[in-house]
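Working notes for the structure below.
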Amino acid sequence: MIWVGVLLGCTGCYLLKLAGLSLPVTWLVRPRLQRIAAVMPVALLSALIGVQTFAAGQRVGFDARVVGLAVAGFAVWRKWPFLVVVGLAAGSTALVRWSLR
Amino acid sequence: MSTTEGASWPTTRRAVIRNAVGIGAATGAYAVSFGAISTAAGLSVVQTMVLSLLMFTGGSQFALVGVIAGGGNPLAGAAAAVMLGSRNALYGMRLAPLLDVRGWRRVAASHWVIDETTAMAIGPDDERTGRLGFYATGMSVFTLWNLGTAAGAVGAEALQDPSVLGLDAAAAAAFVALLGPRLRGREPWAVAGAAAIVAVVAVPLVPPGVPVLVAALVAVAAAYLPGRP
């Protein structure tokens, strides 16, 4: 059963990618669709940040990840390199977890 | 990924490739946690590797594995993965004129249409830099994502709790780094704030993976607000 889910999921995800590159250009000139496509990454990335930081399964709460998010926010605001942002966030989260043990 | 105005092509190319390798390394570290979480959720090492090789879109992979880990039906997991992967279709529509690929090239290039490659491709103002960003990032992320997945899946016992290393926070930080440059002006901030709130509020109400899709409605709503083209 897991294999069915894995293969169906893989097929569906690939077909969506292919559809994006293959849809007729007339779709692109629809201004509304262009607007949605332009705002979509902002909404999805922000939603992912929220979920990855505050959700544990289907529960919402605060834990050490909040510190990592704050550190990442500061590092991005200071325009530090990508790896520094990610490394500092992971490190600070691990440090807070370790000190709270 | 800003390219300095008037910078020579070799300089620009070096900067793009350096950024691509950096993004690949970050997603590779993220993939280690994916590999470990996936095998801990009950998938075999081969199933975990198939996901990274063939699905190759991190959010969807985590969604599928998360649903299975939470006791959900694998088909529900596949549905969540596909819905989450729908953003790649939107990315593809934005990338199509830039990449301009046909036939087998399109079949191959499609596989690399993901968050990271799109961000690197549509960031720069000129097309040459954008195309290089797409392919360099695709190559780097695909390689390191799969190496990381293999390491995590095989070494799952050593890394049974990736949260000890803060890897769960690393994922959110990577998203912050991708989102940051897009937050110019009041509107993106409003969309970002609304989307995050909607997603977190939806977490207890809908299956794992779906809150992000609910938040996508914020983008649709924003596009229908008056006073905009």
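Read-outs: derived from the displayed coordinates by stated rules, not from any lab. The structure presented is a predicted model; accordingly, all values stated were derived computationally and were not measured. Cβ atoms come from the backbone with ideal geometry, glycine included; neighbour counts cover every protein chain shown.
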>> Being touching a residue at least 40 places away in the same chain (Cβ under 8 Å), of a type outside the set (Ser, Thr, Tyr), touching a helix residue (DSSP H, G or I) at 6+ places or on another chain (Cβ under 6 Å) and within 7 Å of another protein chain (Cβ to nearest Cβ) narrows it down to one residue among B:Ala36, B:Ala81, B:Ala63; which is it?
In response: B:Ala81
>> Looking at the structure I just gave you, is B:Ser110 of a type in the set (S, T, N, Q), touching a Lys or Arg at 6+ places or on another chain (Cβ under 6 Å) and surrounded by 21 or more Cβ atoms within 10 Å (Cβ to Cβ)?
In response: yes
>> Quick check on B:Gly152: is it closer than 22 Å to A:Met40 by Cα, in contact (Cβ under 8 Å) with a residue 24 or more places away in the chain, part of a helix (DSSP H, G or I) and more than 12 Å from chain A (Cβ to nearest Cβ)?
In response: no
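Scan the helices (runs of 4 or more DSSP H) fully inside segment B:50-148 and keep the ones with 3 or more residues being under 19 Å from B:Ala215 (Cβ atoms) and in contact with a Leu (Cβ under 7 Å, 6 or more places away or on another chain).
B:58-69, B:74-99, B:115-122
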>> Restricting to segment A:59-101, give me the number of residues that are under 14 Å from B:Ala172 (Cβ atoms) and hydroxyl-bearing (Ser, Thr, Tyr).
In response: 2
